Amino acid sequence: FEEAEGPVAIPVRSGLLSASRSLGAETSRGHPPSGADPRILWRPFGFSRRLLKVESCRITESESLIPLAWASLIQKLSRTPGIFLLDQRKRFSTMPEIETNQRDSELFSPPSDVRGMTELDRTAFKKTITIPVLKVRKEIVNKLMRSLKRAALQRPGIKRVIEDPEDEESRLIMLDPYKMFTDDSFEKGELSILKQLNVNPQITKYNLELTYENFKSEEILKAVLPEGQDVTSGFSRVGHIAHLNLRDHQLPYKHLIGQVMIDKNPGITSAVNKINNIDNTYRNFQMEVLSGEENMMTKVRENNYTYEFDFSKVYWNPRLSTEHSRITELLKPGDVLFDVFAGVGPFAIPVAKKNCTVFANDLNPESHKWLLHNCKLNKVDQKVKVFNLDGKDFLQGPVREELMQQLGPLSRERKHSVHIVMNLPAKAIEFLSAFKSLLDGQPCGSELFPIVHCYSFSKDANPAKDVQQRAGTVLGISLEACSSVHLVRNVAPNKEMLCITFRIPAAILYKNQTLNGDNHEDPPIKRQRTDKDF
């Protein structure tokens, strides 16, 4: 079949139904059956185009019920002998299944004249659409709705049952405009129920007015922002604050975007945008309030623990909730945790609740203040020793002193483990040098040495191997055979956040030790993820 471009016409009664499409053909056999005289309907999808054969097609005048004549045609074609169906819902085997949100974009999208709006005008989003409805007696509505789940309108924010403006004793059931065109659109089981309840299956039309309240945030932003550009509908929620990270092309619409986020997300009263990277000493960032209140004092719940802090002055990332739980689960009651960059306590507090001993440190005075506050708030202040030091000073001071006791002459009698968490992905690997020759004396059994969980970013094609090599370079050893690497999350395109876990070798931890086969006796950490996972 020849490839073609332009509108295609299908003979229907006395007129033509014309659909302007990009056309093409693809068939496994190349030619239609001999003697056949099919009308040809073309429809492109995905990366291929396929042929639909229409033996006959008849459309009644009632098809003017909805504005989507194309959908009406599909309903008729589904009864044509030359079309194969996938299931009882009559989907073409040669057409892709259309997702609900894709279908909704045609009918349930805001008016086109809101494009380019920079200051939110909610009244401009009014729109009237035609919806098929079924009239029923009000006393049977609840019983009937259970049987009409397939046919009923499934659209959040729009009532499926409304009062009949012409009859107080009746109700109108909103039907799916993409499925229900005439009374023939009901399936046999649905028609049977309608007959039992003495309901006339005749479908009528109803003019439904949509307003700003009826549209989803992504629909509003897609209609407002320039066509073809990325739409921001996601954000990090920090208590009552929506934290966005807008791109350059979205900045002219930033205040509108912020207000939409507040309007469409209950409990959000402030929307902020990050305006610089987290590259300062205290791990906080400058932010701009886009809309709503300027109060940055917030309260969050994570993994059943409560944290309070000033979001403008400390670091908090709700996307690390799973990682906080993962590390917490590695520790057993009685274990010891050194949290080098503790923030406001998302590692320290859950671990302390497991009856572990915790040493938590953060250089940021605000983080230190809220760390103390949150320890009291969660009733673990007696189990957490809090410090306000540089990471290197913390490792070479309090950590060194405690390890000297933990790994002293009586250390072989202890059964608990020691873990060191270093969650400063941009720089944590550099702090590994603090472990070199940290302790004096003779090493005890290697199974008692601290286990380090060090976080890092990587843009390398093989991020796991990259992190192992960089950490090994700082320590002066190879970690590829005695470490595991866990993928924490994808931060940005081609940028991963990872956690490398390893037990510190005696040759690194103790003075006057040499790197040879005898000293490098550490058993490999159980591999959770290896480089091939990436």
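The values are calculated or read from the model by the stated rules, or taken from the named source; none is laboratory data. As the structure is a computational prediction, the values presented were derived from the model and not from experiment. In this analysis, Cβ positions are derived from the backbone assuming ideal geometry, glycine residues included, and neighbour counts consider all displayed protein chains. The accessibility values were calculated without ligands, DNA or RNA, using every heavy atom of the protein model including side chains. Shrake-Rupley method; radii C 1.70, N 1.55, O 1.52, S 1.80 Å.
Has the stretch 319-326 got any residue that is part of a loop (DSSP other than H, G, I, E, B), assigned by the TED database to the domain that holds residue 448 and surrounded by 17 or more Cβ atoms within 10 Å (Cβ to Cβ)? Give the derivation first.
Filtering the stretch 319-326 down to residues part of a loop (DSSP other than H, G, I, E, B) leaves none.
Taking every residue of the stretch 319-326 in turn, none turns out to be part of a loop (DSSP other than H, G, I, E, B), assigned by the TED database to the domain that holds residue 448 and surrounded by 17 or more Cβ atoms within 10 Å (Cβ to Cβ).
Mind checking whether some residue in the stretch 230-240 is touching a helix residue (DSSP H, G or I) at 6+ places or on another chain (Cβ under 7 Å), open to solvent by 60 Å² or more (accessible area, probe 1.4 Å) and of a type in the set (D, E, K, R)? Within the stretch 230-240, one or more residues are touching a helix residue (DSSP H, G or I) at 6+ places or on another chain (Cβ under 7 Å), open to solvent by 60 Å² or more (accessible area, probe 1.4 Å) and of a type in the set (D, E, K, R). Which of the residues that make up the stretch 447-481 are part of a loop (DSSP other than H, G, I, E, B), touching a residue at least 40 places away in the same chain (Cβ under 8 Å) and open to solvent by 10 Å² or more (accessible area, probe 1.4 Å)? Passing the criteria: 462, 476, 477, 481. Filtering the stretch 392-417 to residues that are within 20 Å of residue 354 (Cβ to Cβ) and at pLDDT below 85 leaves 414, 415.
Can you pull out every residue in the stretch 467-484 that is within 27 Å of the chain's Cα centre (by Cα) and under 18 Å from residue 431 (Cβ atoms)? Before the answer, list the steps.
In the first step, residues of the stretch 467-484 are kept if they are within 27 Å of the chain's Cα centre (by Cα); the result is 467, 484.
Across the stretch 467-484, the qualifying residue is only 467.
All of (1) under 22 Å from the mean Cα position of the chain (by Cα); (2) within 26 Å of residue 428 (Cα to Cα) hold for residue 314 with one exception: (1).
Inspect the stretch 291-313 for any residue being touching a helix residue (DSSP H, G or I) at 6+ places or on another chain (Cβ under 9 Å), within 21 Å of residue 498 (Cα to Cα) and buried (at least 18 other Cβ atoms within 10 Å of the Cβ) and give the result as yes or no. No, the stretch 291-313 has no match at all. For residues that are open to solvent by 60 Å² or more (accessible area, probe 1.4 Å) and in contact (Cβ under 8 Å) with a residue 40 or more places away in the chain, scanning just the stretch 366-392, find the one that is nearest to residue 428 (Cα to Cα). Applying the filter and picking the extreme gives 392. In the stretch 102-152, of all residues being part of a loop (DSSP other than H, G, I, E, B) and among the acidic types (Asp, Glu), the one that is least open to solvent (accessible area, probe 1.4 Å) corresponds to 121.
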